[in-house]
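Here's the structure, in structure tokens; my notes come after.
The values are calculated or read from the model by the stated rules, or taken from the named source; none is laboratory data. This one's a predicted model, so the numbers in the text were calculated from it and none came from an experiment. Note that we place each Cβ from the backbone using ideal geometry, even for glycine, and neighbour counts take in every protein chain shown.
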Amino acid sequence: MKKNNYIKNGILAVTVSLSMLTGCNDFLEIDPPSDISPETYLWTESDLAAYTIDRYHNSDNDYIFRSVNGSGGDGLYLDDRATDVMTNRGSNNRFTPGEWKVGSTGGSWGFGNIYQLNYFLQTVLPRYQSGELTGNIDNVKHYIGEAYVLRAFEYFGKLKALGDFPIITRTIPDNKDSLVVASQRKPRNEVARFILSDLDKAIDLLKETPPNGERTRISKPLAYLIKSRVALFEATWLKYHKGTALVPNGQGWPGASKAYNANYQFPSGSIDGEIEFFLQQAMSSAKQVADNIALTSNSKIIRQSASDPSNPYYEMFASEDLSSYDEVLLWRDFDLTLGNVQYWNHYLYYGNGYGYTRQFVDGVLMENGLPIYAAGSGYQGDDFVGDVKVNRDWRLKLFMRAPGETKAFVNLPEGTSPEVEPEVPVIDGSSRYMEGTGYSIKKGLSYDNEMQATVGRDVTAVVCFRAVEAYLNYMEACYELNGSLDADAQKYWRAIRERAGVDADFNKTIAATDMNQEALNDWGAYSHGQLVDATLYNIRRERKVEMAVEGLRYMDLTRWRAMDQLSGYKIEGIKVWGPMKDVYGGRLLYGQSDATKNTVSDPALSDYLRIHQISPNNFYYNGYNFTEAHYLNPIAAEHFIISSPDGQTPEDSPIYQNPGWTLEGNQPPVGY
């Protein structure tokens, strides 16, 4: 059986495999997984449940159940690395213009997952509408709703990475003409509208509680939350990138170069109308969640032993079973007997080279609601790590480690005592046993030694989506739309701050905020190189602190256009060249002839650990820089060649490249 090269290599980059059930007639003869033919598959409730749950699991970080990795690869807890929130001694080449280049093959321009979901909907919907599917009808509807959510979330990943993108809702005939037409990119706001439409269809079909009774599968509230995320993302992207080539009809927008987009008109009549539409959608969908799901309580206890009272807020991130936490709208379960495990606890137990940035830590409020620099804040300074947590927001107290705190104290080997954090963070060890910036991450770390001690035994559940995001989405969308906070937004903000152990009077914080001070540390203080107002900034600050290490930070920075100002920005860690230097003693090495022996940065650079300046050979030694093209990914060169009429001239492809990038592989942005 011959595989057509257009499908295999792909104008649409559709990956052909036995499990994909491709649209080519030849491949329809190939059995789906488990040797079940298309004629006998997807007729029952159990078939639908099995097909959709298989789409949850994928190494692609834009999938519903994301990869979880503590060893250095991308994953839910590590997606905030290489931002102003957390880092290690490496980073990401998006902050070194000229190093990120157009790929020759692959990249984000792929349709394999979309194809699988289109196949499901194309096959199942007619059977559902004709009453041919067997099983509990409400469950059948639910699983169809899951497929709509999964397709929407896959498309959201494309929207974040590429912006404009083809909208494809059916399997495509295996011929070049059909595939070329299907490759035409739709303006990004149309993609976002399509995503919202899929989510609306899902909402009509989904149950409040999944058929398995646990929030380990998609539910109606989750669809509302995702809808609010997508709508807020697109509204703020359009607002802050307005007028640039990164939005439809902006100056130099490449879509205008193709006849099919040359005379594009916004559905609402203008880009401002689109912004308003998406903000309204964000508010209405977020409200559906925030009004109905309360936040998990914070007992304000940092547990040091098994006899200490529990703290549900902390343990929401550090338990094996999250079924009792209503705030968690979707969580990923693990099962050691099936070899289904994660690695976060094992690798992060000793740090694995990661840590919060000083910039993040300094931006966290005091319990009294004041910034650390404000008069009367009560800030104890940062001469020692433990001082940093005194009188601070409980999110810093709970989710950052400090000397003397107990690590794991459950299921310890008989006769052993719990290990405690050392007097000063380990910043001079091997990458496996090093706390990176010195401000060590604790969110997601279990108290159970079984999860820590041996690799491949960690079954701590992972929080994938939380209702608190809806609170935050509503607050931001409301302020962006109206320039003020309505009663609901104020109520949600107070609830978040009360749970965080911070004075609920956010106006007190706003009044004490000095944007010039905040600009030194927080990228979110900016949009398109200009400082935002103090109210909007504090909404963004709340989001940053609440959602830290949950993989949303870079998404937020791109939609806010909050990296234009980066030019030689230096990430810092603990104040190593203060009183702590005496505790470290001879362990602090810099300026060595063999730079690999350096353990810290030169005190002449800063009193604070400059994690990327420990060695002059570090790729980010000169700091973080950014160029506008990096807000979107480039499309790999092969896709232009394959889709061109003669298979050789990329300029004739129906696909257009993202702004600033070339059509040639292995090339950086133009004029970076």
#### Entry: Failed criterion for Ile496 (all others in (1) part of a helix (DSSP H, G or I); (2) surrounded by fewer than 21 Cβ atoms within 10 Å (Cβ to Cβ) hold)
(2)
## Note on the structure
Taking region 360-384 and keeping only residues that are assigned to a helix (DSSP H, G or I) and either more than 13 Å from Gln517 (Cα to Cα) or in contact with a strand residue (DSSP E or B) (Cβ under 8 Å, 6 or more places away or on another chain) (or both), one is left with Phe360, Val361
### Query
Would you say Val549 is buried (at least 22 other Cβ atoms within 10 Å of the Cβ) and not in a helix (DSSP H, G or I)?
yes
### Query
Does Leu42 satisfy the criteria of being of a type in the set (A, V, I, L, M), modelled with pLDDT of 95 or more, part of a helix (DSSP H, G or I) and out of contact with any His (no Cβ under 8 Å at 6 or more places or on another chain)?
no
### Task
Test Leu279 against the stated conditions and say whether it is aliphatic (A, V, I, L, M), touching a residue at least 60 places away in the same chain (Cβ under 8 Å) and more than 30 Å from Arg392 (Cα to Cα).
yes
### Query
From the residues in region 370-387 that are surrounded by fewer than 23 Cβ atoms within 10 Å (Cβ to Cβ) and in contact with a Ser or Thr (Cβ under 9 Å, 6 or more places away or on another chain), which one is nearest to Gly429 (Cα to Cα)?
Pro371
### Query
Inside region 124-173, can you point out the residues that are over 28 Å from Asn658 (Cβ atoms) and among the acidic types (Asp, Glu)?
Glu132, Asp138, Glu146
#### Entry: Count - residues of region 77-100 that are surrounded by fewer than 17 Cβ atoms within 10 Å (Cβ to Cβ) and either in contact with a Ser or Thr (Cβ under 9 Å, 6 or more places away or on another chain) or of a type in the set (Asp, Glu) (or both)
2
### Task
With respect to Ala525, determine if the residue is within 22 Å of Leu329 (Cα to Cα) and either acidic (Asp, Glu) or buried (at least 23 other Cβ atoms within 10 Å of the Cβ) (or both).
no
### Task
Those residues that are of a type in the set (D, E, K, R) and assigned to a loop (DSSP other than H, G, I, E, B), I need them from region 202-259; list them, please.
Lys207, Glu208, Glu214, Arg215, Arg217, Lys242, Lys258
### Message
Out of the residues in region 649-672 meeting the condition of being of a type in the set (Asp, Glu) and closer than 13 Å to Ala637 by Cβ, tell me which one is surrounded by the fewest Cβ atoms within 10 Å (Cβ to Cβ).
### Response
Glu651
### Message
So for region 324-340 (the condition being at pLDDT 95 or above, more than 21 Å from the chain's Cα centre (by Cα), assigned to a loop (DSSP other than H, G, I, E, B) and not acidic (Asp, Glu)), does at least one residue qualify?
### Response
yes
